[in-house]
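Quick notes on the structure that follows.
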Amino acid sequence: MNDAEDKDASAKLPEGEGPLALDFLVRKNIKKLVPYSTARHEFTGRASVLLDANENAYGSPLEDNFNRYPDPLQWQLKYAIAGIKGVPAENIFIGNGSDEVIDIAYRIFCDPLKDNVIICPPTYGMYEVSANINNVDIRKVNLTPGFQLDVQGILNAVDDSTKLLFICSPNNPTANNMNRGDVEVLLNNFPGIILIDEAYINYSKQKTFIQELTEYPNLVVMQTLSKAWGLAALRLGICYASGDIINLYNKVKPPYNINEASQELALEALQHTEQVNNWIKEVVTQKNFLIKKLLECRFVEKIHPSDANFLLVKVKDADALYQYLAKNEIVVRNRSKEVLCDNCLRITIGTPEENLQLTRIIKAYE
């Protein structure tokens, strides 16, 4: 789904309404936490002289002045995103990459050495890494052989200490959407917070789950400006949720988690929705080209269906092909050690020139 098509996804989101027992899910220390408050939080009027934050009032050596601390809540950027997505700015949190969104979820909801989360391998590796960093138990319920959610297996894995469920759709590294009906069953029956990671949603025909936020107070939808928007270097992850959950995120995050340069550059980029949509169409065209060329190779056994900007390709010997490509200065991702991904390489869709180079080199491998 293109961002330009998202505007009417959700007109009005509730501010903390609904039956979800956040008091039960949130850690006790987080409930009691008094967040760090900056002077810019506390001051609400207009000011011509800023003497509150011990900044260098003389400026900076750079042409653009970055001597002042940035807006701690990134309101201008949130309003710009809200205009594209049709979601109130108050229901948006911006993180230092989606990894910060994931990590803060652990810190809000999961007591170390007590609570647990559920992930569905093969999936994005940072869900597990962040759990290990926060010393939170992981329960793995593998996807089915068709790379879909094992709904009953997930519900069977739940106990009184289960706080989070991570669902990646389109999934990384398998590239496919999760069945929407399965996700809705879980939204109606899972007793904790469900985080749906939609990092690749711009390339998918499936609708975003943002439109479901009014119905499910236990839903957090994650997106990013790193993929379709081409801003990976800026590290800007986004989550959409109820007002109560967003308030918890703002309570726990560092005061200035998004730097001024990233905010300004992102605001500029968001003015170019048409260009991004054209890139998305080009990626789909190039994906079809790459699928056709790879299927001509005898060592390619299967290309899994893709709703993302990459392919999961099963070959006869992934390790050997990976090393061959690396020697020819082409880097792909070897996913062979992941469950259900034996002898699979993950290949991102590149530019037409990069894709031609890949197909030329890979044909010589035979």
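Please treat every number below as a calculation from the coordinates, not as lab data. Since the structure is predicted, the reported quantities are computational estimates derived from the model, not experimental observations. FYI the Cβ positions are ideal-geometry reconstructions off the backbone, even for glycines, and counts take in every protein chain you see.
See the values below:
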| quantity | calculated |
| --- | --- |
| Helix-only [θ]222 nm of the chain, DSSP H runs n ≥ 4, -39500 (n - 2.57) each, per residue, nearest 500 | -10000 deg cm²/dmol |
| Those lysines that a straight Cα-Cα span of less than 17 Å connects to LYS327, excepting residues fewer than 8 apart in one chain | LYS363 |
| The range 21-76: GluC sites (Glu not before Pro) in DSSP loop, at most 11 other beta carbons within 10 Å | GLU63 |
| Above-threshold pairs, the threshold being 32 Å between Cα atoms, out of LYS78/LYS337; LYS207/LYS253; LYS85/LYS292 | LYS78/LYS337; LYS85/LYS292 |
| ³J(HN,Hα), Karplus 6.51/-1.76/1.60, whole Hz, each residue of the range 241-254, x for Gly, Pro | 6, 4, x, 4, 5, 4, 4, 5, 4, 5, 5, 8, 5, x |
| Most fluctuating residue given options ARG346, ARG27, ARG180, as computed from a GNM of the chain linking Cα atoms under 10 Å | ARG180 |
| Part-to-part distance (alpha-carbon centres) for the range 278-292 and the range 82-103, which is given in Å | 28 |
| Furthest towards positive pole of dipole, THR174, VAL158, VAL185, structure part the range 113-188, Cβ charges | THR174 |
| Unpaired by the 4.7 Å Cβ criterion, cysteines found in the chain | CYS110, CYS120, CYS168, CYS239, CYS297 |
| Burial order of peptide ranges 244-255, 167-178 (average beta-carbon count within 10 Å, highest first) | 167-178, 244-255 |
| Nearby aspartates and glutamates by direct alpha-carbon distance to LYS314 (threshold 12 angstrom, same-chain neighbours under 8 apart not counted) | GLU301, ASP342 |
